[in-house]
There are 2 protein chains.
Amino acid sequence: MFVSSPAVHPVEAPPPTDPVEQPRGVLMKDLPGMPGTLGGLGLGLGLRLAQFVFAGIALSVMASTDDFPSVTSFCFLVAAAILQCMWCFSLAILDIYALLVKRCLRNRWAICLFAVGDGITATLTFSAACASSGITVLIDNDLDLCSENHCVSFESATAMAFLSWFALSPSFLLNFWSMASG
Amino acid sequence: MFVSSPAVHPVEAPPPTDPVEQPRGVLMKDLPGMPGTLGGLGLGLGLRLAQFVFAGIALSVMASTDDFPSVTSFCFLVAAAILQCMWCFSLAILDIYALLVKRCLRNRWAICLFAVGDGITATLTFSAACASSGITVLIDNDLDLCSENHCVSFESATAMAFLSWFALSPSFLLNFWSMASG
């Protein structure tokens, strides 16, 4: 029997010095709420859920009108809202997993991927919201045709798309900041 | 006579270690083209001039049509193009001055100001371009009313506004990157 064999009881081994896993306390080096920290994970998860909810409301309100396919910008808004829902849902699942296993994503490539994806999604959502708001302002203020259009639905969906973009911008800026400074 | 007095000839003193003034050679620490370097100054000046020219063309083409004030989005585009022209012209003057005196702007607050101003200007220009493109697509594709509107002028002005935003985005991202990593 080889009693001198190493790692007979792996449970009692010293904790590995894994740079990915961080202690739960406040790290002086990191700003609180940055994407690499556990506090940032909670903040990021809240932002992701807000983005998902706002994009989902925009999608459902716009899709509930029967004449949105006749305007190209409204179709673009629906497509952008679907894309944003999928992106935010995936990242929210990832955040929940990271919170459950209490591991932070400090991988540089992952943060780079998140920043690029956030940037593309935010640009698409913002452009769709701006195009839709141009149309709604034209219908409502300039032509005064609200009696024969679903102005309230169009404006609500546009406002929700803007709110979704507002919630997405901090995620993008934080990820980009973390990518640049990390 | 105190011959051992220090700094009798201040002209022959060792060169000061001023962190603002950098040598003209390539610095290994800096990426070429970053806002703090002289190569970055030339790149930034070119970008500023491109932004100014594109925004000026968008402004003049849109203002040359007689019915643009009847649509709110087109008025917004004109206002955003005026703002962008003023912003880019000011920063181009600053870049030319920095190139003439061969001093780089490494001040953290200046870069922060440039990044915030670029971000606000880029967002305004992009939103105006998106709103105008929503209107032009509605007029051209969905309603087919180009015979009684200045479709070509509207579309050219929108395209120029988009090009101006394309030229503004690298400036914003470089300044933001420099702010985060500096």
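A short reminder: the numbers here are calculations on the coordinates, not readings from a lab. Fair warning: this is a prediction, and the values are worked out from it, not measured in the lab. Glycine gets a Cβ as well: all are built from the backbone with ideal geometry, and neighbour counts include every protein chain shown.
Tabulated values for the structure
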{"quantity": "Separation between Cα centres of the range A:71-139 and the range B:75-134, rounded to whole Å", "calculated": "26"}
{"quantity": "Sites residue B:75 and residue A:98 - FRET efficiency at Förster radius 45 Å, r taken between beta-carbons, to 0.05", "calculated": "0.45"}
{"quantity": "Cβ-based net charge around residue B:67, under 13 Å, with every Lys or Arg adding one and every Asp or Glu removing one", "calculated": "-3"}
{"quantity": "Tensor-based shape of the range A:36-181 (alpha-carbon gyration tensor, a/c under 1.5 rounded, otherwise prolate or oblate)", "calculated": "prolate"}
{"quantity": "Loop trypsin sites (Lys or Arg not before Pro), the range A:83-182, which have at most 15 other Cβ atoms in a 10 Å radius of their Cβ (DSSP)", "calculated": "A:102, A:103"}
{"quantity": "Extended-chain gain in nm, criterion 0.36 nm per residue less alpha-carbon gap, residue B:53 and residue B:89", "calculated": "12.0 nm"}
{"quantity": "Average beta carbon contacts from partner chains per residue of B:167-173, 10 Å cutoff", "calculated": "1"}
{"quantity": "Environment charge of residue A:146, counting only residues whose C-beta is closer than 10 Å and scoring Lys/Arg +1, Asp/Glu -1", "calculated": "-4"}
{"quantity": "Net charge over other residues, Cβ less than 12 angstrom from the Cβ of residue B:94 (K, R count +1; D, E count -1)", "calculated": "+1"}
{"quantity": "³J(HN,Hα), Karplus 6.51/-1.76/1.60, whole Hz, each residue of the range A:164-179, x for Gly, Pro", "calculated": "4, 5, 4, 6, 7, 4, x, 4, 5, 5, 5, 5, 5, 4, 5, 5"}
{"quantity": "Cβ-derived FRET efficiency at R0 51 Å, residue A:148 paired with residue B:112, nearest 0.05", "calculated": "0.55"}
{"quantity": "Computed magnitude of the charge dipole of the range A:36-181 (debye, nearest 20; Cβ of K, R +1, Cβ of D, E -1)", "calculated": "1200"}
